[in-house]
Protein chains: 2
Amino acid sequence: MAQRDAELPVAVFDSGVGGLTVLHECLVSLPQEDFVYLGDTARFPYGDRTAQQLVGFARELAEILLADGAKLLVVACNSASSAALPALREELADKVPVVGVVRPESRLAAAHTRNARVGLLATPATVASGAYERALRTAAPGAELHAVASAELASLIQEGGEVDERTLACVEGACRPLKSAGVDTLILGCTHYPLVRPVLQRELGRSVSIVSSGEAIADEVERELRAADLLRDERRRGVYRFLATGDPEGFRRLGTRFLQLPIGEVRHVEVEPERRAAA
Amino acid sequence: MAQRDAELPVAVFDSGVGGLTVLHECLVSLPQEDFVYLGDTARFPYGDRTAQQLVGFARELAEILLADGAKLLVVACNSASSAALPALREELADKVPVVGVVRPESRLAAAHTRNARVGLLATPATVASGAYERALRTAAPGAELHAVASAELASLIQEGGEVDERTLACVEGACRPLKSAGVDTLILGCTHYPLVRPVLQRELGRSVSIVSSGEAIADEVERELRAADLLRDERRRGVYRFLATGDPEGFRRLGTRFLQLPIGEVRHVEVEPERRAAA
């Protein structure tokens, strides 16, 4: 790996604003670091993309972020992590370490479960990839994964300012098989879902532990930087930059809700136009 | 205490919509119970009221709620709990048990702190009452309480749909003395504050435990009902009613954000007009 500079920012990308829930946890753990966040809002949602499309998107976004320099890359999107992480890690092996969401969450779920029945709520692309099954098999051999795919929950959350009847019905429908399976731990397999965590907790009851990726990723980012001696001075305060492939103003407005921090300027960046119909 | 009926609802009141964060935790723990919630939105905020005013308000709201019947009363407002709980408990001793927010939170803080330095962020009325100091002295003799009063944070949260620069500046200002004092635990002394919990956590860092009243109260409500054999059948699903002293539509709109549950009909109830200028 090439010599990296501690003064470079940590780069984070996601399909849209959902990964800001991951960025938030990184800011709690590492207030001294600079971060640059890229939301691919023009091509949101990723949940029903093919693995091949997701690898292409991830490669393109990583290239944009690394062109400006970064000391670590976080793939803060479960669909992209599930499909593209091995390829991305291999291609960037001599440039930066890449942290994804699947392994940290699976480890956290393994640490929480007592009855070895773990639920996963995620997009169809993430469930279809089987990435969580593989990661959980490593983290907790013998544990069962009960996966529920929701094609619409991420979009409902992104659209809605408040929890409405449709979102509620969607959450209730998703929780029904999880309750039947008796899971005691639920992995939130999409970075949008922390915004309806209270609704999920109400539906599943207090005995079910809900695991989201944010804190687990923040831990892994800190560990990676510490191991490479790339942490910045704790007394400084980091600065944050935001890029979006879609409408910057829409990103700013939505993003403030996800990050709970006023987002100033958002720079627009171009990506390959979407060829979804042809895919 | 008079014979109470398990089929009656649990009644909850607050100065506005903030107590819905407490109601939420009660719904997680006790989905089988019915709840009636009364928000005194016409007289919000309570944070700069005198103790005498708060006792009068609490008495009036309790009377409205108990007229329809209730098996337990929750004072889900820190200002009202701090000022009026002893009086209310005494007056209602032969009718219903009354659960407030101060004692459960202080116990939780005592359980969390390792360095015996506990912070309190609350309204001026709550800080001035000294109720948390007394409760913490009982729960953790020898612990120091570092109290910070904010006159405006609850209103900023209630007004704002998203976290803006003013809210951020207010949180930063409030956290400064808490960081100087080296507290390792912070009591959220107002039911509005859970909505900016991520901002507080970012400001204080991950090593500070943030304690809010919701879960502690939900535990106490469950314990009280179980002890009196007044819990309902776990297989049923409770119904929730909402009353407001101010504009019902405003309550519905704001409340949905606080509760993360669509709030249907809100019934308007009249209270004594505000005599704040004369107070």
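Structure above, values below:
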item	result
Members of the stretch A:107-131 found to be farther than 21 Å from A:S155 by Cβ and within 16 Å of the chain's Cα centre (by Cα), listed by number	A:R107, A:L108, A:A109, A:A131
Flag if A:L108 is surrounded by fewer than 22 Cβ atoms within 10 Å (Cβ to Cβ), under 19 Å from A:E215 (Cα atoms) and either within 14 Å of chain B (Cβ to nearest Cβ) or of a type outside the set (K, R) (or both)	yes
Output for the stretch A:199-216, where each listed residue is in contact (Cβ under 8 Å) with a residue 12 or more places away in the chain and small (G, A, S)	A:S207, A:S209, A:S212, A:S213, A:G214, A:A216
Residue in the stretch B:9-21 that is within 19 Å of B:I217 (Cα to Cα), surrounded by fewer than 24 Cβ atoms within 10 Å (Cβ to Cβ) and over 15 Å from the mean Cα position of the chain (by Cα) present	yes
The stretch B:162-191 residues that are farther than 25 Å from B:G100 by Cα and assigned by TED's automatic domain parsing to the domain that holds B:A143, paired with ones that are among the polar types (S, T, N, Q) and crowded, with 16+ Cβ neighbours inside 10 Å (beta carbon under 6 Å, 6 or more apart)	B:E162/A:T256; B:V163/A:Q260
Of residues in the stretch B:141-151 being surrounded by 14 or more Cβ atoms within 10 Å (Cβ to Cβ) and not aliphatic (A, V, I, L, M), the one farthest from B:E203 (Cα to Cα)	B:E144
Criterion (at pLDDT below 95, within 14 Å of chain B (Cβ to nearest Cβ) and assigned to a helix (DSSP H, G or I)) met by exactly one of A:R206, A:R197	A:R197
Cross-chain or 6+ apart pairs with Cβ under 9 Å, the stretch A:129-144 first and over 24 Å from A:A51 (Cβ atoms), then of a type in the set (A, V, I, L, M, F, W, C) and in a helix (DSSP H, G or I)	A:A140/A:A109; A:A140/A:A110; A:A140/A:A111; A:A143/A:A109; A:A143/A:A110; A:A143/A:L136; A:E144/A:L136; A:E144/A:A181
Failed condition for B:G173, given (1) within 13 Å of chain A (Cβ to nearest Cβ); (2) part of a helix (DSSP H, G or I)	(1)
Some residue of the stretch A:72-83 being surrounded by fewer than 24 Cβ atoms within 10 Å (Cβ to Cβ) and either in the same structural domain as A:L156 (by TED's automatic domain parsing) or assigned to a helix (DSSP H, G or I) (or both)	no
Some residue of the stretch A:104-118 being in contact with a Cys (Cβ under 7 Å, 6 or more places away or on another chain), part of a helix (DSSP H, G or I) and closer than 20 Å to A:V199 by Cα	no
Among (1) under 19 Å from the mean Cα position of the chain (by Cα); (2) in the same structural domain as A:P124 (by TED's automatic domain parsing) - the single one A:S207 does not satisfy	(1)
All positions within the stretch B:223-245 that are more than 19 Å from B:E25 (Cα to Cα) and either of a type in the set (V, I, T) or surrounded by fewer than 18 Cβ atoms within 10 Å (Cβ to Cβ) (or both)	B:A227, B:A228, B:D229, B:T245
Selected residue (only one of B:D34, B:D68 is under 25 Å from B:L261 (Cβ atoms), surrounded by fewer than 21 Cβ atoms within 10 Å (Cβ to Cβ), modelled with pLDDT of 95 or more and over 13 Å from the mean Cα position of the chain (by Cα))	B:D34
Breaking point among (1) over 16 Å from the mean Cα position of the chain (by Cα); (2) within 17 Å of A:S15 (Cα to Cα); (3) crowded, with 21+ Cβ neighbours inside 10 Å, for A:T185	(2)
Every pair of residues 6+ apart whose Cβ atoms lie under 6 Å, when the first sits in the stretch A:244-271 and is over 15 Å from A:A42 (Cβ atoms) and facing chain B (nearest Cβ under 10 Å) while the second is among the acidic types (D, E) and surrounded by fewer than 16 Cβ atoms within 10 Å (Cβ to Cβ)	A:P262/B:D164; A:P262/B:E165
Every pair of residues 6+ apart whose Cβ atoms lie under 8 Å, when the first sits in the stretch A:217-235 and is over 12 Å from A:V22 (Cα atoms) while the second is among the polar types (S, T, N, Q)	A:E222/A:S29; A:L231/A:Q32; A:R232/A:Q32; A:D233/A:Q32; A:E234/A:Q32; A:R235/A:Q32
Residues within the stretch A:151-161 that are under 16 Å from the mean Cα position of the chain (by Cα) and either within 14 Å of chain B (Cβ to nearest Cβ) or without any contact (Cβ under 8 Å) to a residue 60 or more places away in the chain (or both), tallied	2
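The values are calculated or read from the model by the stated rules, or taken from the named source; none is laboratory data. This is a predicted model, so every value here is computed, not measured. Note that each Cβ is placed from the backbone with ideal geometry, even for glycine, and that neighbours are counted across all protein chains shown.
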